[in-house]
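Report on the following structure.
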Amino acid sequence: MNLFTLEKQTFSLSTEGAILIHTPSGPVLVVADLHLGKSATFRARGLPVPEGDTARDLGRLLELVKKTGASRLVIAGDLFHAPAGITPELNWSLQTFIADLQIPLTLVLGNHDAKIRNLPSGLVAQTHFDLENFRVIHDPAEASPDHFNIAGHWHPVVKIRDGKRTSLRLPCFLWRNRTLVLPSFGSFTGGAIITPEPGDQFYVQLRDQVVKLPPEIV
């Protein structure tokens, strides 16, 4: 993971789209937008979408927790996609994941999570999560002016110009107005191209590291 400092806040960004906050009590891992059960939701509506994304994404996340040595995991919203996707198979996969995790798990409620009346057991859900000078939220529109904010929701993608008529589109971390917006962690989520604003900073995965993009190529 690459170490970065913004406004005197030090943290690591991973090529998997996560942020690791270093605290005296141990590192805290934050990811956003898994949208578990999205493929099941599509299948419930008659679309022949293959299975496997839930187990795959939870497996990737568990591996990342172990690799980073995180002492806590925080989901910055939209762990789930829709009520129709909360199947017995998803519940079993999630309960297995929580049992294997062996560290506290906090869900910051996203707009998709809010549609689910009864969240699966084992989840501690709240509207935001504060950690020293950091505040984890879901929607960047709800950023606190008194914190360094970590958010999701936008599924940010940056368009990099590589010619007169060609461009490269990559999931990215977006730093805007004291808020770091994380790329979506889920493998079946898609993304939205971000129109740059003055002061924006973009960070992308290039091979085995996360790098800051020069503003002139965005």
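Scanning the stretch 129-144 for residues being at pLDDT 95 or above, under 19 Å from Glu7 (Cβ atoms) and in a loop (DSSP other than H, G, I, E, B) gives a total of 3. Restricting to the stretch 82-114, name every residue that is of a type in the set (Asp, Glu) and either over 18 Å from Gly59 (Cβ atoms) or at pLDDT below 95 (or both). Glu89, Asp113 - these are the residues of the stretch 82-114 that are of a type in the set (Asp, Glu) and either over 18 Å from Gly59 (Cβ atoms) or at pLDDT below 95 (or both). Return a yes/no flag: does the stretch 61-75 have any residue that is at pLDDT below 90, crowded, with 16+ Cβ neighbours inside 10 Å, not in a helix (DSSP H, G or I) and not acidic (Asp, Glu). No, the conditions are met nowhere in the stretch 61-75.
Checking the stretch 193-211 against the condition returns no match, with no residue being in contact with a helix residue (DSSP H, G or I) (Cβ under 9 Å, 6 or more places away or on another chain), among the basic types (Lys, Arg) and more than 21 Å from Pro27 (Cβ to Cβ). In this structure, is Ser39 among the polar types (S, T, N, Q), at pLDDT 95 or above and either in a loop (DSSP other than H, G, I, E, B) or buried (at least 16 other Cβ atoms within 10 Å of the Cβ) (or both)? No: the conditions fail for Ser39. For the criterion of being within 24 Å of Val218 (Cα to Cα) and acidic (Asp, Glu), Asp139 passes. Scanning the stretch 118-159 for residues that are surrounded by 14 or more Cβ atoms within 10 Å (Cβ to Cβ), β-branched (Val, Ile, Thr) and within 25 Å of Pro24 (Cα to Cα) gives Val136, Ile137, Ile150. The residues of the stretch 1-34 that are among the charged types (D, E, K, R) and touching a residue at least 60 places away in the same chain (Cβ under 8 Å), listed by number, are Glu7, Glu16, Asp33.
The residues of the stretch 173-189 that are in contact with a strand residue (DSSP E or B) (Cβ under 7 Å, 6 or more places away or on another chain) and either basic (Lys, Arg) or farther than 16 Å from Val30 by Cβ (or both) amount to a single one, Arg178. In the stretch 76-104, of all residues being over 21 Å from Arg117 (Cβ atoms) and among the aliphatic types (A, V, I, L, M), the one that is surrounded by the most Cβ atoms within 10 Å (Cβ to Cβ) corresponds to Ala76. Against the list (1) assigned to a strand (DSSP E or B); (2) under 22 Å from Gln9 (Cβ atoms); (3) touching a residue at least 24 places away in the same chain (Cβ under 8 Å), the condition Lys159 fails is (2).
The values are calculated or read from the model by the stated rules, or taken from the named source; none is laboratory data. Note that the structure is a prediction, hence the values are computed from the model and not measured. Note that we place each Cβ from the backbone using ideal geometry, even for glycine, and neighbour counts take in every protein chain shown.
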